[in-house]
Amino acid sequence: MAKKQYDLIVIGAGGAGSTAATTGASLGKRVALIERDKLGGTCLNYGCDPTKTLLNTANLLYHAQHASTLGLLFPQATVDWAAVQAHVRQVQKTIRGGTLEQARAGIKAQGIDLFMGEAMFTSPHEIRVNNENLRGKRFVIATGTVAFIPEIEGLSDTGYITNEEAVSLPDLPKRLVVIGGGPIGLEFAQMFSRFGVQVVVIERGKQPLPSEDPELAMALCTRLAAEGIRLEFGAEMRCGEINKRGKHIHVQCQDGKEELLVTDELLIAVGRRPALDELNLEAAGVQYTEEGITTNDTLRTNVPHIWAAGDITSEYQFTHVASDQGKLVAHNVFVRKPQTFDDRVIPWVTYTDPELARVGLSEADLKEAKIKYRVGRAYFNKLDRAIANDQTFGSVKLLADADGKLLGGHILGANAGDLIAPVVYAMRFGLTVKMIADAMLPYPTMAEAVRWAAAEF
Ligand SMILES: Cc1cc2nc3c(=O)[nH]c(=O)nc-3n(C[C@H](O)[C@H](O)[C@H](O)COP(=O)(O)OP(=O)(O)OC[C@H]3O[C@@H](n4cnc5c(N)ncnc54)[C@H](O)[C@@H]3O)c2cc1C
């Protein structure tokens, strides 16, 4: 049987792959898109969107239960878990643009041939999916990552969940142990805790959120602990077993003592690993490491007609990076002079309440690079709108060089993920702290904190 031939074959329909495929099709190219699970990838199905929906619902519940200081009493504020889950499914459907079938039809309507199945290279130009062989002139690999499962004695017999199950649990557990205190672990910890689950977080690192400003990260963790989440840093799960009382988690704590935690559910959130086990990259000759697929800065692999985009190749594992890379790579595969991926200004957010947002360099980065910098600070407890909103926790920290050029921004506070936007623009387009301080903002707004931090310089 004649093989189907394509200008571009994209593997993985997450943020990177979907964008690459639609961009390729919009350039008038013959495109195939292969997906083994659900359209939308990790973000829509098991990541950003369901977690943010659940966090929002949990936050509403928590604030309703704690609104008496504002003069409000919600004696009935409680959870209907089945309805919470139905809402998550509805949000996913809306973002997807309909049911899975409608989304598939939408892809096909753009002239893309969609194959639902596991992709496997059989040669540098050929791929097999569902016993069908496809031939491509060029390929984009955008297979993302899956949860990394550490080797711990008794773990599989004890039973555990990852983010995939955690966003759609049929019932709320009474007790939850989270292994991993990174952004994903902390978001789940706060979400479940605010739904009434007793949560313990076990984190091997001694410092919380090592990619963040240590002072702000510590302040956030103090806040989470004050809410009732038990956070154990410098602690490690040694082994586990299950009996009728629950899952038994043996933990070695920072002080060297062993502790037994009995829990109903165990969530593993210790990081991600590249999804390339089934791709058979050897048949295509594509080089990879434990971190993912190796590319140059135009996202090209060592095999000239094969490219990679998104989490599978990026050190920045975020949806905004994946979709920007997907768009760039679809152009790069068809042009003579490919463009490089610009990673100078990449923001990210830990979506706890309060949120922790970051862009650019940290003080530790600047010290290591021996770059002289100054710090501008504004505290939400001094800001009128924050006081009015009862959102006084946290601060804005801007870092700038002697000329006032912004080097980094770090915000801990309500909606910090939105408040970081002006800092991103300023860094991207070279605005100085003086320019930020000189721009009038409406009173009273939370965004004024960014202006006041800039004015500190
Ligand atoms: C719990 C959680 C919360 C997150 N929250 C955020 C957030 O708030 N903001 C943010 O920016 N990022 C967030 N992320 C990260 C974000 O989800 C990823 O950066 C993003 O999904 C990466 O997109 P991608 O296209 O590279 O990979 P993915 O979205 O993982 O898509 C890869 C696709 O490839 C498919 N695939 C893999 N192998 C094959 C194969 N052999 N054949 C066919 N198909 C294959 C997979 O099924 C998958 O659908 C979160 C991640 C997690 C886990």
(request) Filter the range 339-349 for residues that are more than 16 Å from the ligand (Cβ to nearest atom) and modelled with pLDDT of 95 or more and give the result. (result) 339, 340
(request) Of all residues in the range 127-176, count the ones that are farther than 18 Å from residue 277 by Cβ, out of contact with any Gly (no Cβ under 9 Å at 6 or more places or on another chain) and not basic (Lys, Arg). (result) 12
(message) Just the residues that are more than 14 Å from the ligand (Cβ to nearest atom) and over 19 Å from residue 326 (Cα atoms), please, taken from the range 283-309.
(response) 285, 287, 289, 290
(request) Give the residue that is nearest to residue 431 (Cα to Cα), with candidates limited to residues of the range 391-400 that are of a type outside the set (S, T, N, Q) and in contact with a strand residue (DSSP E or B) (Cβ under 6 Å, 6 or more places away or on another chain). (result) 400
(message) For the condition open to solvent by 70 Å² or more (accessible area, probe 1.4 Å) and at pLDDT 95 or above, what is the one hit in 301, 263, 222, 319?
(response) 222
(request) Exactly one condition in (1) exposed (fewer than 13 other Cβ atoms within 10 Å of the Cβ); (2) among the basic types (Lys, Arg); (3) farther than 30 Å from residue 301 by Cβ is not met by residue 108; state its number. (result) (3)
(request) Find all pairs meeting these conditions: Cβ atoms under 8 angstrom apart; at least six residues apart or on different chains; first residue within the range 1-20 and open to solvent by 10 Å² or more (accessible area, probe 1.4 Å); second residue basic (Lys, Arg) and within 15 Å of the ligand (Cβ to nearest atom). (result) 19/327
(message) If I ask for residues that are more than 10 Å from the ligand (Cβ to nearest atom) and either modelled with pLDDT under 95 or among the β-branched types (Val, Ile, Thr) (or both), which ones from the range 3-26 would you list?
(response) 3, 4, 9, 22, 23
(message) For a quick check of your reading: which strands (runs of 3 or more DSSP E) sit entirely within the range 251-321 and have at least 1 residues that are more than 19 Å from residue 16 (Cα to Cα) and of a type in the set (Val, Ile, Thr)?
(response) 258-263, 265-268
(request) Would you be able to tell me the number of residues in the range 117-152 that are away from the ligand (no atom under 11 Å from the Cβ) and either among the small types (Gly, Ala, Ser) or in contact with an Asp or Glu (Cβ under 8 Å, 6 or more places away or on another chain) (or both)? (result) 7
(request) Name every residue in the range 216-239 that is touching a residue at least 60 places away in the same chain (Cβ under 8 Å) and assigned to a helix (DSSP H, G or I), in order of residue number. (result) 216, 217, 219, 220, 223, 224
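The values are calculated or read from the model by the stated rules, or taken from the named source; none is laboratory data. Computed from a predicted structure; not experimentally measured. Note that each Cβ is placed from the backbone with ideal geometry, even for glycine, and that neighbours are counted across all protein chains shown. Accessible surface areas use protein heavy atoms only, side chains included; no ligands, DNA or RNA. Shrake-Rupley method; radii C 1.70, N 1.55, O 1.52, S 1.80 Å.
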